Amino acid sequence: MNRRAFLAQSLAATAASTFSQASIQGGKLAIGLDHFAVRATGWKAAQFIDYAASLKLDTMFISELHIFENFEEAYLKSLKEQADRLGLKLYVGTGSICQSSNTWKDIYGTPEEHLSLTIRIAKTLGSPVARCYLGNQKDRSSDGGIQKHIEAVVKTIKACQSKAEGEGIKIAIENHAGDMQSHELKRLIEAAGKGYVGANIDPGNAVWALEEPLKHLEVLGPLTVCSSVRDSMLWEDESGAVMVQWTAIGEGLVDYKAYAKRFAELAPGVPLQVETISGFARPFDYQKEEFWKIFPNHRDSDMFKAWLDMAKRGHKIDSFKAPDGPGKKDAEIAYQKGQAERSFDWLRANA
């Protein structure tokens, strides 16, 4: 390496280190991209890193392992060097580590092997976290309910405690697809150990668990070490069910000015990483008695009342469907990029 290249690389590394230190000290709210926001691109990790850098973001969250071309150290180090050069901090995640969940896949071995692999990748890439999750809302209806799955996740996390602590990596558990409410995820983290386990907070998934995002933040904010964020629109349909459609930030019902301010107070140094998953509405038929079997003791809570108040303030928005034909994929990519990039613009102007 010649002297000029060496100096350039050193400056890039210094810039990345400065950002990391500012994050730790709770400086300006950092903004990043969760790769799933623009999943239609079909990119691999290096392309997502370039895209995040082109938008002048602070972080790039690669939240699934299949985005990597392989798990070899040389390849992973090349991604770290690319991110350092571009002034990006990387965050790393994977899917379910709960063998009893309906979402479990054994692609990466046992739950402990899967989580250990994610911790190793996180360490090599300089990610402070290894994000993972339990499952989705279907797990609440299974035999033993959500508690059975929580216990399985705690067991897996504890089996990886020495590895996580030895590498200096926090295991970040997401509230995923309506699987756990905030008090349940808080209980999981405390049972596993707050010293090396935290929350990957997702306000959109909170809404799927019938929780109002700001109240959800008050519960999990002090435990938050990572994030995947979006906005939500809620409205009541003709049958009385509540429809939920995720949206670009600033285009839903969440007060993101207040959310960003409180987020920075409760989780200093943690970036807001945009994961817009927009374009479709999901019904929540809360007026039917059987609906409440998976959410016992929630119907009379202040959290649910705040959620219902959101729905009463909301209005219907159209779903998105890319037209069939040769341009379908390009239309999906354009839609997803638009949702994410409008979110970045809103956060920069208002957060």
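The values are calculated or read from the model by the stated rules, or taken from the named source; none is laboratory data. Given the structure is predicted, the values throughout are model-derived calculations rather than measurements. Glycine also receives a Cβ, built like all others from the backbone with ideal geometry; neighbour counts cover every protein chain displayed. Side chains are part of the model used for accessible areas, which takes the heavy atoms of the whole protein and leaves out ligands, DNA and RNA. Shrake-Rupley method; radii C 1.70, N 1.55, O 1.52, S 1.80 Å.
The figures follow:
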| item | result |
| --- | --- |
| Helix 256-266 vs. the chain, principal-axis angle (Cα, 0 to 90°, nearest 10) | 60 |
| Gaussian network model of the chain, springs between alpha carbon atoms under 10 Å - residue of 109, 204, 168 with greatest fluctuation | 109 |
| Entries of 215/337; 186/215; 123/261 with Cα pairs more than 25 Å apart | 215/337; 123/261 |
| Estimated FRET transfer efficiency when R0 is 30 angstrom, pair residue 328-residue 46 (beta carbons, to 0.05) | 0.75 |
| Segment residue 265-residue 78, extension gain: residue separation times 0.36 nm, minus the distance between their alpha carbons | 63.9 nm |
| Alpha carbon centroid spacing (whole Å) that separates segment 224-280 from segment 46-70 | 21 |
| Using alpha-carbon coordinates, inclination of helix 73-86 to the longest axis of the chain, degrees | 90 |
| Paramagnetic label zone (point 7 Å from Cα along Cα-to-C-beta, residue 312; backbone N under 18 Å) in segment 240-268 | 240-244, 253-255 |
| Exposure rank, largest accessible area first [153, 225; 1.4 Å] | 225, 153 |
| Solvent-accessible area, 1.4 Å probe, carbon plus sulfur percent, for the chain | 51 |
| Shape call, segment 208-351: gyration tensor on alpha carbons, a/c limit 1.5 | oblate |
| Stretchable slack from residue 142 to residue 302, in nm (0.36 nm times residue separation minus alpha-carbon distance) | 55.0 nm |
